[in-house]
Amino acid sequence: MLWRYERMASSMGYQVVAGVDEVGMGPLAGPVVGGAVVLPIGVRIPGLDDSKLLTAAERERLDKLIRRKALAFSVCAVDHAQVDSLGLIRARHLATAGAVAGLQIAAEYLLVDAWDVPEAPLPQMAVVRGDRTCASIMAASIVAKVARDKVMVEYDRLYPGYGFADHKGYATPAHRAAIRRLGPSPIHRTSWAPFREAALLG
């Protein structure tokens, strides 16, 4: 069941099918990160699931396994400044297109979680709830999430007090309280309405 979209693309003659997803659309700080993964169809990756349903330890384990078994994988980060200046939708487009462009093997067809990748001039299918129903998209979600989490842990060292290592930039009560106490950090999306609401209202 998890491979039906890859098999559908293969039946149309496409040999290199990449799953594509992005993470980091909701946080108040940090980058949007796109991931792209080409897996051998049917490869066994025990525990593969939507990255949001996995623990951090499970994602780390699966990230290593995906990178080992994938034919190609790539991540691309679009930083907070670009999110501020370009907007989230454009940032998502750039992150996912950048991940596709970074694949070690050129993709022929894309399976994308819910949205298309207009900057990638390739045939593609937007798969509704793809991060729960499509193996390649699940894999892309995991590698993107693990990569972004590592970035946020590093930001926690650079900008202590906000708790970035814990909440990864999402609008938790602790994060909102830190913004009100410390003001914005250099990686906050300060032009973004949800950030301004968190800063003013908590």
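The values are calculated or read from the model by the stated rules, or taken from the named source; none is laboratory data. Since the structure is predicted, the reported quantities are computational estimates derived from the model, not experimental observations. Positions of Cβ are generated from backbone atoms using ideal geometry, with glycine treated the same way; all protein chains shown enter the neighbour counts.
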* Structure fact -> Inside the range 25-60, the number of residues satisfying the requirement of being closer than 25 Å to Ala106 by Cα and of a type in the set (Gly, Ala, Ser) is 5
* **Criterion: modelled with pLDDT under 95, closer than 30 Å to Arg44 by Cα and surrounded by fewer than 17 Cβ atoms within 10 Å (Cβ to Cβ) - qualifying residue of Val117, Val128** => Val128
* Asked: Being part of a loop (DSSP other than H, G, I, E, B) and either of a type in the set (D, E, K, R) or without any contact (Cβ under 8 Å) to a residue 60 or more places away in the chain (or both), is that true of even one residue in the range 168-180?
  -> yes
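What are the residues in the range 55-108 that are assigned to a helix (DSSP H, G or I), over 23 Å from Val43 (Cβ atoms), charged (D, E, K, R) and over 12 Å from the mean Cα position of the chain (by Cα), if any? Quick ask: steps written out before the conclusion?
First, the residues of the range 55-108 that are assigned to a helix (DSSP H, G or I): 56-69, 80-86, 88-101.
Cutting the leftovers down to over 23 Å from Val43 (Cβ atoms) gives us 56, 80-86, 88-95, 97-98, 101.
Subsequent filtering for residues that are charged (D, E, K, R) retains 84, 90, 92.
Residues satisfying the conditions are Asp84, Arg90.
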